[in-house]
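Engineer: Before I ask anything, let me first share the structure, which is written out below as structure tokens.
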Amino acid sequence: MTMNKKVTKDMCGQFTSFAPIAKKMRHEGLPDIVIKNFAYYYEQVHSGQTGMIPEVSITPVESLPNADAFSDNADLLAAGEAALGQTVVLKLNGGLGTGMGLSRAKSLLSVKDGHTFLDIIANQALESDTPLVFMNSFSTQDDTLAVLAKYPALQGDIPLDFLQNKVPKINQSDLSAVEWPDNPAFEWCPPGHGDIYVALITSGMLDTLLDAGYKYVFVSNSDNLGAVMDTSILGYFVSNDLPFMMEVANRTESDRKGGHLAQAEGGQLILRESAQCPKADQAAFEDIRRHKYFNTNNLWLNLHAFRQLMVEQDNVLGLPLICNTKTVDPRDGASTPVYQLETAMGSAIGIFPGSGAVCVSRNRFAPIKTTNDLLAVRSDAYILTGDYRVVLEPTRSEPPFIQLDSMFCKLINDMEARFPAGTPSLINCESLSVSGDVIFGRNIVIEGNVKIVNSTTEPTVIADGTHIVGE
């Protein structure tokens, strides 16, 4: 778990092994605040800490306010409308979607009715009349800004983006900064989306927002198209004078591996990610009846409270460490084993005293992490509303559970080759499992729980107009 220790300005000099790492980071032009934050997490790894949160140290969260009821509260709606002019929408947009075989920003992918993520997000911001900001990476910035140039109305008094930072990968054998001359870019990694708090400062975006009179930020992932501005939720956040608030949703079987909400000693809300769960506690982590709420990564931040806390903590928020085991070349499992020291944005809920959480419907959570997710959202199980919200079709309470064959459909080009005529109708589908090489024709309808198995070495083609009804 996080250490209750302030990092001083000379902390980097306390560890002889960190000095060359700090030198490398300075040579790369990284700000002192980034180096100091990295030293904080490096100290924990150097001293043998893992950032694990065992089950015995937490208790489940039994109940939370239901955000669906907020829209019936005139006072919350009025408070939200009054605060809207002081609020900014911030999208995390640093991912390339490499897990789906993409080499450009995932937000450039066509996702619904011919619109890309960026098209839908831009229109959502225009519909809600709120400023839109992206946290980009060096890999996504140029492409993203090129697409956004199609929407001149987004230009305002706030820059459209700022850049997240990067940190060194750490050699597992001796905790040095790994060297990889074949591709020096592989020596660096993003420090997780928890870097947003440092990047807001190092980029100057925090001062820009505050100087322009903005007080609140609604943060979400660019691949979650259900995360739109909601004035009733904003009103609840403002009326309760919360420094930080997380939107959570009820866990289903498909969410059991995602980070869940819990309570630490004293009742402070915290977030536990799967990488922070000891193996012995995995069953409890995945028990959706015990830990009922998962983090949607839709977060609300009071900028004044954030700045005050960062001042008090000398610009080191002290988020819980996530120590990920990787190889320096992600494409080569035989390359040098490394640690990637990361943090999760939502874990700030455990840092802000008096932080809160609300339970939202699945309509505010429609992320696309895999081709399974993409197939579901592209289908008629989801609709694109007139105000550019991507939501479940009204007759559905949960998304269909999709499991495509990982050999033939993990990468986007391979998946689309198996659905050349478009996505089947899944409006009445509970689950779809595909094993083997299966090609779907035009106007396919799938209902209930369906399993399709091709155990041969040749592709199986499902004819146009086929109607498949499972259990």
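The values are calculated or read from the model by the stated rules, or taken from the named source; none is laboratory data. Please read these numbers as outputs of a predicted model, since none were measured by experiment. Glycine gets a Cβ as well: all are built from the backbone with ideal geometry, and neighbour counts include every protein chain shown. In case anyone asks, the SASA skips ligands and DNA or RNA and just uses the protein heavy atoms, side chains included. Shrake-Rupley method; radii C 1.70, N 1.55, O 1.52, S 1.80 Å.
Engineer: Out of the total accessible area of the stretch 44-121 (probe 1.4 Å, heavy atoms of protein only), what percent is carbon and sulfur?
Structural biologist: Values: 1810 of 3400 Å².
Here it works out to 53 percent.
Engineer: Taking amide H positions as placed 1.01 Å from N in the peptide plane, with prolines and chain starts having none, which residues 5 or more places from Gly97, or on another chain, fall under 5 Å of its amide H?
Structural biologist: Distant-sequence amide H within range of Gly97: Lys106.
Engineer: Starting from the Cα of Thr50, move 7 Å in the Cα-to-Cβ direction to define the label point; list residues of the stretch 313-332 whose amide nitrogen is under 12 Å from there.
Structural biologist: Within reach of a label on Thr50, which here means backbone N under 12 Å from a point 7 Å along Cα→Cβ, the stretch 313-332 contributes 323-325.
Engineer: Let me ask you something else. Roll a 1.4 Å probe over the protein chains and send me the accessible area per residue for the stretch 102-238 in Å².
Structural biologist: Numbers: 4940 Å² over 137 residues.
Solvent-accessible surface per residue comes out at 36 Å².
Engineer: Taking H as built 1.01 Å from N, whose amide H comes closer than 5 Å to the amide H of Thr116, not counting residues under 5 places away?
Structural biologist: For Thr116, whose amide H was placed from the backbone, the distant partners under 5 Å are Val111.
Engineer: Quick one: grab the alpha carbon gyration tensor of the stretch 49-141, order the square roots of its eigenvalues as a ≥ b ≥ c, and give me rounded if a/c is under 1.5, else prolate or oblate depending on whether a/b is larger than b/c. Don't skip to the answer; put the middle values down first.
Structural biologist: Values: a/c = 2.14, a/b = 1.08, b/c = 1.97.
Oblate shape, in that a/c is at least 1.5 and b/c is the bigger or equal ratio.
Engineer: Using a basic spin-label model with each label point 7 Å from the Cα along Cα→Cβ, how many nm lie between Asn73 and Glu127?
Structural biologist: 2.4
Engineer: Per residue of the stretch 203-216, in order, report the coupling 6.51 cos²θ - 1.76 cosθ + 1.60 (Karplus, θ = phi - 60°) as ³J(HN,Hα) in whole Hz, putting x for Gly and Pro.
Structural biologist: 7, x, 5, 4, 5, 4, 5, 5, 5, 8, x, 8, 10, 10
Engineer: Relative to the longest principal axis of the C-alpha atoms of the chain, give the angle of the C-alpha long axis of helix 32-46, reported between 0 and 90° and rounded to the nearest 10°.
Structural biologist: That works out to roughly 80 degrees.
Engineer: Place +1 on the Cβ of every Lys and Arg and -1 on the Cβ of every Asp and Glu in the stretch 251-365, take the dipole about the Cα centre, and give the residue among Leu269, Gln313, Thr252 whose Cα lies farthest towards its positive end.
Structural biologist: Result: Thr252.
Engineer: A further question on this structure: Quick one: if the Förster radius is 45 Å, what FRET efficiency do Ala421 and Glu81 give, using the C-beta to C-beta distance and rounding to 0.05?
Structural biologist: Numbers: r = 45 Å, r/R0 = 1.00.
That pair, Ala421 with Glu81, gives E of 0.50.
Engineer: Note the angle between two axes, namely the Cα long axis of helix 74-83 and the longest principal axis of the Cα atoms of the chain, as a number of degrees from 0 to 90, rounded to the nearest 10.
Structural biologist: Tilt relative to the chain: about 60 degrees.
Engineer: Hey, what's the per residue convex hull volume over the C-alpha atoms of the stretch 90-192, in cubic angstrom? Write out the running numbers ahead of the final one.
Structural biologist: Details: hull volume 12.4 nm³, N = 103.
With only Cα atoms used, the stretch 90-192 gives 121 Å³ per residue.
Engineer: Here's a follow-up. Check cross-link reach from Lys451 to the aspartates and glutamates: straight Cα distance under 16 Å, and skip same-chain residues fewer than eight apart.
Structural biologist: Partners within reach: Asp405, Glu430, Asp437, Glu471.
Engineer: Where the accessible area of the stretch 328-471 is counted over protein heavy atoms with a 1.4 Å probe, how much of it, in %, is carbon and sulfur?
Structural biologist: Details: 3260 of 6510 Å².
In the stretch 328-471, the share of accessible area belonging to carbon and sulfur is 50 percent.
Engineer: Given the options Val34, Ser137, Val198, identify the residue whose Cα lies farthest towards the positive end of the charge dipole of the chain (+1 on Cβ of Lys, Arg; -1 on Cβ of Asp, Glu).
Structural biologist: The Cα lying farthest towards the positive end belongs to Val34.
Engineer: If you stretched the chain out fully between Asp142 and Ile383, how much longer would it get, using 0.36 nm times the residue separation minus the C-alpha to C-alpha distance?
Structural biologist: Numbers: separation 241, 0.36 × 241 = 86.76 nm, distance 2.98 nm.
Contour length minus Cα-Cα distance gives 83.8 nm.
Engineer: Please enumerate, by chain and number, the lysines with C-alpha under 21 Å from the C-alpha of Lys106, excluding those fewer than 8 residues away in the same chain.
Structural biologist: Cross-link targets: Lys91, Lys150, Lys166, Lys369, Lys410.
Engineer: How much length would be gained if the chain were fully extended between Thr208 and Asn66, taking 0.36 nm per residue of separation minus their Cα-Cα distance, in nm to one decimal?
Structural biologist: 47.8 nm
Engineer: Assuming 0.36 nm per residue, please report the length gained on full extension of the stretch Ser455 to Asp157 beyond their Cα-Cα distance.
Structural biologist: Numbers: separation 298, 0.36 × 298 = 107.28 nm, distance 5.84 nm.
The span from Ser455 to Asp157 would gain 101.4 nm if fully extended.
Engineer: Place the peptides 278-285, 247-254 in order of packing, highest mean first, counting for every residue the other Cβ atoms within 10 Å and averaging per peptide. Provide the component values of the computation, followed by the final result.
Structural biologist: Details: 278-285: 14.0, 247-254: 19.2.
For the peptides 278-285, 247-254, the packing ranking is 247-254, 278-285.
Engineer: Please list, ordered by chain and number, the residues whose modelled amide H lies under 5 Å from the amide H of Lys166; skip anything fewer than 5 residues away on the same chain.
Structural biologist: none
Engineer: Can I ask one more? In deg cm²/dmol, rounded to 500, what helix-only [θ] at 222 nm does the chain give when every DSSP H run of at least 4 residues adds -39500 (n - 2.57) and the total is split over its residues?
Structural biologist: On the way: 13 runs with 110 residues, N = 471.
Dividing the helical sum by the residues of the chain leaves -6500 deg cm²/dmol.
Engineer: Sticking with this one: What list of ³J(HN,Hα) values in whole Hz, one per residue of the stretch 417-433 in order, does the Karplus curve 6.51 cos²θ - 1.76 cosθ + 1.60 (θ = phi - 60°) give from phi, with Gly and Pro shown as x?
Structural biologist: 5, 8, 10, x, 9, x, 7, x, 6, 10, 4, 10, 8, 8, 8, 9, 10
Engineer: Could you work out the percent of alpha carbon pairs in the stretch 213-332 separated by over 22 Å, rounded to a whole number? All intermediate terms of the calculation are to be shown ahead of the outcome.
Structural biologist: Values: 3449 of 7140 pairs.
Counting pairs separated by more than 22 Å, the tail of P(r) holds 48 percent.
Engineer: May I ask you to evaluate 6.51 cos²θ - 1.76 cosθ + 1.60, the Karplus curve with θ = phi - 60°, for each residue of the stretch 49-61 and list the ³J(HN,Hα) values in order in whole Hz, giving x for glycine and proline?
Structural biologist: Karplus-based 3J(HN,Hα) across the stretch 49-61 equals 7, 10, x, 6, 10, x, 4, 5, 8, 10, 10, x, 8 Hz.
Engineer: On the accessible surface of the stretch 196-299, probed at 1.4 Å, how many percent belong to carbon and sulfur atoms?
Structural biologist: Numbers: 1480 of 3490 Å².
With neighbouring chains kept in place, the figure for the stretch 196-299 is 42 percent.
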